[in-house]
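In what follows, a single structure is set out as structure tokens and then discussed.
Coordinate-derived values only; no laboratory data. Fair warning: this is a prediction, and the values are worked out from it, not measured in the lab. We place every Cβ from the backbone using ideal geometry, glycine too, and count neighbours over all the protein chains shown.
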Amino acid sequence: GESVGLHLPTLSVQEGDNSIINCAYSNSASDYFIWYKQESGKGPQFIIDIRSNMDKRQGQRVTVLLNKTVKHLSLQIAATQPGDSAVYFCAETRQGAQKLVFGQGTRLTINP
Amino acid sequence: ETGVTQTPRHLVMGMTNKKSLKCEQHLGHNAMYWYKQSAKKPLELMFVYNFKEQTENNSVPSRFSPECPNSSHLFLHLHTLQPEDSALYLCASSLGGGDGYTFGSGTRLTVV
């Protein structure tokens, strides 16, 4: 399953399928990007980050892709599990700036 | 536990009450933040403190009053709030810049 930009706040996928969550960021000066996962009743938790000198970074079951030309960021989750159900936020910042700017978030639901 | 602790977890207050939210971190971070998270909205940055000095106030109404007595503690004093102030209030800390940005679990505030 795949979401598009910030205009599709929900994404439902079958357990075991791959998920792609997309994010369009706004500031071309941003050089550091982070994906957060927020489960019900908890604060956002760091998943993976990427700096602007890279276009791909892999973690455990997650991959972040960065396309600076179109200011687009995506999070790929492989073989989704029920525990992946959460709201996922992208965030952007630039070196030296203290604050992160967050996207709207996408709610990912895993169907059994 | 993320290393950032917020209390209380839940708070119900009347519009004439005065209450305070507390945030504490022992991660050795220099910067602390208050964010507001409302339903269907991106996280909204409220205040930034760096080495206990306020460096940003994101046009927050004066009924929200932050206090940062040291780099490990952050408070948000609340008085004469409105029902639309009901939200999840998240505290975060970081090393400075976007690195090591860590959130607490938040205080769910309901104004009645």
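Within the stretch B:93-109, which residues are more than 8 Å from chain A (Cβ to nearest Cβ) and buried (at least 19 other Cβ atoms within 10 Å of the Cβ)? Correct list: B:SER93, B:THR107, B:LEU109.
Within the stretch A:69-103, the residues that satisfy the criterion of being in a loop (DSSP other than H, G, I, E, B) and either more than 14 Å from A:VAL13 (Cα to Cα) or among the β-branched types (Val, Ile, Thr) (or both) are A:THR69, A:VAL70, A:LYS71, A:THR80, A:ARG94, A:GLN95, A:GLY96, A:ALA97, A:GLN98, A:LYS99, A:LEU100, A:GLY103. In the stretch A:71-80, the count of residues that are touching a residue at least 12 places away in the same chain (Cβ under 8 Å), hydroxyl-bearing (Ser, Thr, Tyr) and within 11 Å of chain B (Cβ to nearest Cβ) is zero. Looking across the stretch B:28-57, the residues that are under 18 Å from B:LEU88 (Cβ atoms), out of contact with any helix residue (DSSP H, G or I) (no Cβ under 9 Å at 6 or more places or on another chain) and surrounded by fewer than 14 Cβ atoms within 10 Å (Cβ to Cβ) come down to B:ALA39, B:LYS40, B:LYS41.
Does A:GLY43 satisfy the criteria of being in a loop (DSSP other than H, G, I, E, B) and more than 12 Å from chain B (Cβ to nearest Cβ)? No.
Annotation: B:HIS77 fulfils all but one of (1) over 20 Å from A:PHE46 (Cβ atoms); (2) under 13 Å from the mean Cα position of the chain (by Cα); (3) within 11 Å of chain A (Cβ to nearest Cβ); (4) surrounded by fewer than 17 Cβ atoms within 10 Å (Cβ to Cβ); the unmet one is (3).
Checked against the criterion of being outside any strand (DSSP E or B), on the phi < 0 side of the Ramachandran plot and more than 9 Å from every other protein chain (Cβ to nearest Cβ), the stretch B:42-59 has no qualifying residue. Look at the stretch A:81-101 and say how many of its residues are in contact (Cβ under 8 Å) with a residue 40 or more places away in the chain, within 13 Å of chain B (Cβ to nearest Cβ) and not charged (D, E, K, R). Residues flagged as in contact (Cβ under 8 Å) with a residue 40 or more places away in the chain, within 13 Å of chain B (Cβ to nearest Cβ) and not charged (D, E, K, R) within the stretch A:81-101 amount to 9. Tell me, please, whether a residue that is part of a loop (DSSP other than H, G, I, E, B), under 13 Å from the mean Cα position of the chain (by Cα) and over 21 Å from B:TRP34 (Cβ atoms) can be found in the stretch A:17-27. Yes, the stretch A:17-27 contains a residue that is part of a loop (DSSP other than H, G, I, E, B), under 13 Å from the mean Cα position of the chain (by Cα) and over 21 Å from B:TRP34 (Cβ atoms). Evaluated against (1) touching a residue at least 12 places away in the same chain (Cβ under 8 Å); (2) under 18 Å from B:GLY3 (Cα atoms); (3) charged (D, E, K, R), B:ASP85 falls short on exactly one condition, (2).
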